[in-house]
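Some notes on the structure that comes next.
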Amino acid sequence: MDRRSFLTVAGSAATGSLLLPHFAIAQAKPFSYYSVNAFSGNFATSGKYSDLGVRAAVTAFGNRLGRPIDYRKIDSEGNPAIAVRKVQQAMDQDKALHFGGAALSNEALAIMKEINKNKGVYITYVGADEVTGKDCNRSTFRWGLPTYGAVNTVMRPLIQQNPKWKKVYTITGQYVFGEALLRNAKTVMQETKLEHVGNSYHSLAEKEFSGYLGNAMGSGADVLLVLNFGANTLDLLRQAATFGLKQRMAVVVAWFSGLDTFQALGADVTDGMYFGLQYWHTLDTPANKDFVRIYKGEFKENPRFYSAADYQVTTLMFDAAKRAGSDEPAAIVKALEGHSYQGLTGDEQIRPFDHQVSKNYLLVRGKKKAAMKDADDYADILSSSRALVPQAESDCKLV
Amino acid sequence: MLEKIKHSSGLFCLALAAFALAMPLVMGSTATAGVVLVFAIAAAACNLLLGYAGLLSFAQGSFFGVGSYAVGMVLKAEPGAGVAALHVCIAAGMVVALAIGMLSIRQRGIYFVMITLAMAQLAYFAALSFPQFTGGENGLLDIPRPATGLEGILGEGAGQYALIAVVFVLAIAFLRLVVRSPFGRALDAVRENEVRAQTAGYDVQKLKLLAFCLSGGITALAGALYALQLRSAPLSNIDLMTSETILIMAILGGRRSLLGAAFGALAMTLMAEQLSQLWPRWQMIVGFVLIAVVLFAPRGLGGAWAHWRARRSVHAGDHA
Amino acid sequence: MNIYLFQALNGLGVGMVYFLLSVGLSIIFGLLGFVNFAHGALFLIGAYTAMFVTAQTGSFLLGLVASFAAVAVIGVVAERWLLRRTYRMPHESQILITVGLTFILTEGVVMIFGPESQQVPMPDMLAGVFMLGAYPVPVYRVFIFGVCAVVGLGLWFLFERTLFGARVRAGNESSEMLNLLGIRVSRVYALTFALGTGLAGLAGGLAAPLRGADPSMGAEAIVIAFVVVVLGGIGSFSGPLVGGLIIGVTQSMMSAIWPEGARLAIFIVMAGILLVMPKGLFGRA
């Protein structure tokens, strides 16, 4: 090649490469959304369904943001320390700003601090009161009623419907969450003039509940109120069923996951028991009908709580970004505060002073196996209502 | 070169420093690099017990957790305490190790292992039972990082990492000093044949107890650094899984190799980091790797490296 | 009949499952000096096998048999191809390799069945309750007690009255001696492994209707197994029996006396006994 052609080629190549970055910038920057959950380890169930929920939300939102959505997963492995470190890494290395999810309260509580420090935005659905209570911060929102709502919306309607109930026995997990449930339950019992005949605490790692069930049965109570979560609840209820406890007293479970835990127990166990749920797939609201249609279309099964929760929080995030017209977390936070919308449980609002979503909590009763219309028809919804800590009594004052 | 490292502490410290400097580049962020160094310290402290004192302890997580909680409690009460809080954590770790040690040391073999496991469970339940101190299942949150004066130059993340890196070099260099001291040689004697050591006049119980305390203090230090990195002290720091992880890293690296412990920590963290992004069932791959290491590199990464080096020098000698 | 007696009876039932879970570990450790950290994962596989076979065939009995058989096969295969190579290695290598095996087995189960907690329906025949005074005793727990008692008797007979048992006991004392006597040590090992692991699997199958099948079963089982073995004394047969019963009864009684500490009490009891009897209740020097 002679010198002239060489210079021409070199010149055009140089000019071209100068133009390239401009060309890249002209293309839309994707919206990066980081879903934190346990995809491996002991709580992998949570991650499995959470993933499906986020994917459904991404599909449903389509192109309304005007650019591609980059859905990234952060595997906490069920360990809050790992969750925090990975969130730090994502914010540090990838400049991550938009987060959702968490398998457990301890993960959410730990990462919400990091996200707030680095000025991100985070929507979660875990149960610990502190998330929108004493540990609340500007960056964090929560969809899902904490213990006050769970206990009140489950106990009060039931007590009204069952005037014959006089005595209550509680089995409580001896950890922060269990204590919170018990505190709220005691207030309700005081106000409704029920006699709290006894309480058994059990530890987080407990597997053998026969003793506590024996205590309950010997107490003469009309109602057994179950105040724990996760594997504790499952083991307790399974063993309660083998002891024939249901025949002697009503069983009320304040905090229950939903379809996955019903399946883990089976209708023979759950028949006749009362459960409090954040979500149930037969909820008759326009938003839920849409969601279930989309979800079933993609995954051919009914959605579990984690899927629904992740779908809801992910959609809230995308929607807020769209309304704010910006990726900036501060703008998204502003767009979320005070927002009213049609949520999965009906009319929902995001309270500005504690970033807690006001939504409905369900009281359901387990059905007999013979009465189930399909394999997932475990329960009938008895009531859908809400109860939230009023602003004056809240530990959180963001406004 | 490894021979040189083994024989010269200056080069050893240089190797440690190089490791610490390389980590952020290898792992991609100071947060994850910090985690590698933290667990390297804990694994090396475990090596002191395992490879030198001959004690397989399942209680390392207890010391790790105690260190985390201690730094959290001190700094939340007294944010100005700064780096001095770390001294409190070392002391706390040594005290807990003394307590656990006094109850466990008299046992031998698998019985010792089991007693430490029981103690570890005791510590876990103690942490759960006193939420006013430990935060219960939510852990201690909002732990303030101490100001190291480097934040202005390096930025907060890197400043924190610098602290961890310095402690890492100091801690492992210290451990190396210990294992090469007469105390270390006494531990070797105890490990090889306890009865003979006893008849030779060594106070075996005291030696083991001292090793236990040193290991506990340094593991607590690691736990404290971890809590500073995370700005929180979760319950998981004191659970059995943490003890298991530290032990695996120590064995993987080679039970007598302090530098190997660092590589054991690196290997496990790297595997978890990379594999968990690819496949939710990634722990299965880790299982295969562990088995492969036991079958093909029974003396761990450190041992395999030394073995390969030795063979190469033999062959080099052949061609001379 | 008061609550404490009721709890003690419950504890005996739980304790028998612990016995079944732990006796294999004790024998394997006693005979081979091998620390099997995969024992909990075998319990897990037993539970899932029982669940699967019961669901496929409708027969819980078949499920139980399968839980023993499947895990025994896994045990023998693992011993022959993998674990045998580590007998001469130090304990920590054995721990590392069995931890690796645990990861593989557990993740394998999750790959096939998913991470969810699954129910294992109780056979109708055993689902009832009979009253002992004011306290209901589930039939299933009595069934478990019965099965474990029968197995226990069978094991006693095997170890005390048969040639195989004599060989195992001899091997416990000195495996070289076995070799010198011309007995195929590898076969004794393989059969012992099959028996020991199979029993853990059976324990898993029995426990499944009570606690369901979920991936975290293994981690919790291994801790209990080791506690019982060490408490009872390694290598013995009566050790896991008495140890299991003590742990079971302690756990149940504590949930009436000191509920928050019921789990903790197990470890306190173990530590306490080891302080007084450093080799466990029936351990050999």
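A few points about this structure:
- Exclusive hit being touching a Ser or Thr at 6+ places or on another chain (Cβ under 8 Å), surrounded by fewer than 24 Cβ atoms within 10 Å (Cβ to Cβ), over 19 Å from C:Ile234 (Cα atoms) and not acidic (Asp, Glu), set C:Ser67, C:Ser59, C:Ser93: C:Ser93
- Exactly one residue out of B:Arg231, B:Arg312 is away from chain C (no Cβ under 13 Å), closer than 21 Å to B:Tyr124 by Cα and among the basic types (Lys, Arg): that is B:Arg231.
- Test: residue in the range A:171-189 that is out of contact with any Asp or Glu (no Cβ under 8 Å at 6 or more places or on another chain), within 14 Å of chain B (Cβ to nearest Cβ) and surrounded by fewer than 20 Cβ atoms within 10 Å (Cβ to Cβ): yes
- So C:Gly100, is it buried (at least 21 other Cβ atoms within 10 Å of the Cβ), under 19 Å from the mean Cα position of the chain (by Cα) and farther than 15 Å from C:Ala221 by Cβ: no
- Residues that are within 10 Å of chain B (Cβ to nearest Cβ), touching a residue at least 40 places away in the same chain (Cβ under 8 Å), closer than 21 Å to A:Arg142 by Cα and not in a loop (DSSP other than H, G, I, E, B), drawn from the range A:87-107: A:Val87, A:Ser105, A:Glu107
- Qualifying residue in the range A:241-256 (condition: facing chain C (nearest Cβ under 8 Å) and among the polar types (S, T, N, Q)): yes
Every residue, every condition in (1) at pLDDT 90 or above; (2) surrounded by 14 or more Cβ atoms within 10 Å (Cβ to Cβ); (3) at negative phi; (4) more than 14 Å from chain C (Cβ to nearest Cβ), yes or no:
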| site | (1), (2), (3), (4) |
| --- | --- |
| A:Arg3 | no, no, yes, yes |
| A:His22 | no, no, yes, yes |
| A:Val36 | yes, yes, yes, yes |
| A:Arg64 | yes, no, yes, yes |
| A:Gly78 | yes, yes, no, no |
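- Residue within the range C:92-101 that is over 28 Å from C:Val151 (Cα atoms) and hydroxyl-bearing (Ser, Thr, Tyr) present: yes
- If the condition is being acidic (Asp, Glu) and facing chain A (nearest Cβ under 7 Å), then the range C:200-219 contributes no residue at all.
- Filter pass, B:Ala211 being away from chain A (no Cβ under 14 Å) and either among the acidic types (Asp, Glu) or at negative phi (or both): yes
- Residue among A:Ala254, A:Ala308, A:Ala241 that is more than 23 Å from A:Val176 (Cβ to Cβ) and in contact with a Gly (Cβ under 7 Å, 6 or more places away or on another chain): A:Ala308
- When the helices (runs of 4 or more DSSP H) confined to the range B:58-133 are screened for residues that are more than 14 Å from chain C (Cβ to nearest Cβ), those reaching at least 1 such residues are found at B:60-77, B:85-104.
- Residue count for the range C:117-151, restricted to those that are more than 7 Å from chain A (Cβ to nearest Cβ), crowded, with 20+ Cβ neighbours inside 10 Å and not hydrophobic (A, V, I, L, M, F, W, C): 1
- Selection from the range A:86-115 of residues that are more than 23 Å from A:Thr345 (Cα to Cα), in contact with a Phe, Trp or Tyr (Cβ under 8 Å, 6 or more places away or on another chain) and not small (Gly, Ala, Ser): A:Val87, A:His98, A:Ile111, A:Met112, A:Ile115
- A Cβ distance below 6 Å, combined with a sequence gap of six or more or placement on separate chains, defines the contacts here; from the range B:272-291, residues that are over 20 Å from C:Glu92 (Cα atoms) and more than 7 Å from chain C (Cβ to nearest Cβ) reach residues that are crowded, with 20+ Cβ neighbours inside 10 Å and of a type outside the set (Ser, Thr, Tyr) in the pairs B:Leu275/B:Trp282; B:Ser276/A:Asp75; B:Ser276/B:Trp282; B:Pro280/A:Phe39.
- Residues located in the range A:115-131, provided they are within 14 Å of chain B (Cβ to nearest Cβ) and either in contact with a Lys or Arg (Cβ under 7 Å, 6 or more places away or on another chain) or free of Cβ contacts under 8 Å to residues at least 12 places away in the same chain (or both): A:Asn116, A:Lys117, A:Thr124, A:Val131
- Selection of the range A:375-399 for residues being within 22 Å of A:Thr345 (Cα to Cα) and hydroxyl-bearing (Ser, Thr, Tyr) yields A:Tyr378, A:Ser383, A:Ser384, A:Ser385.
- Filter result for A:Ala330 (in a helix (DSSP H, G or I), farther than 25 Å from A:Arg55 by Cβ and assigned by TED's automatic domain parsing to the domain that holds A:Leu237): no
- For the range C:261-274, taking the residues that are of a type in the set (A, V, I, L, M, F, W, C) and at the interface with chain B (Cβ under 7 Å from one of its Cβ atoms), the one that is surrounded by the most Cβ atoms within 10 Å (Cβ to Cβ) is identified as C:Met270.
- Residues (among the charged types (D, E, K, R) and at pLDDT 95 or above) located in the range A:194-216: A:Glu195
The values are calculated or read from the model by the stated rules, or taken from the named source; none is laboratory data. All values reported here derive from a predicted model rather than from experimental measurement. Every residue, glycine among them, receives a Cβ derived from its backbone with ideal geometry; neighbour counts consider all protein chains shown.
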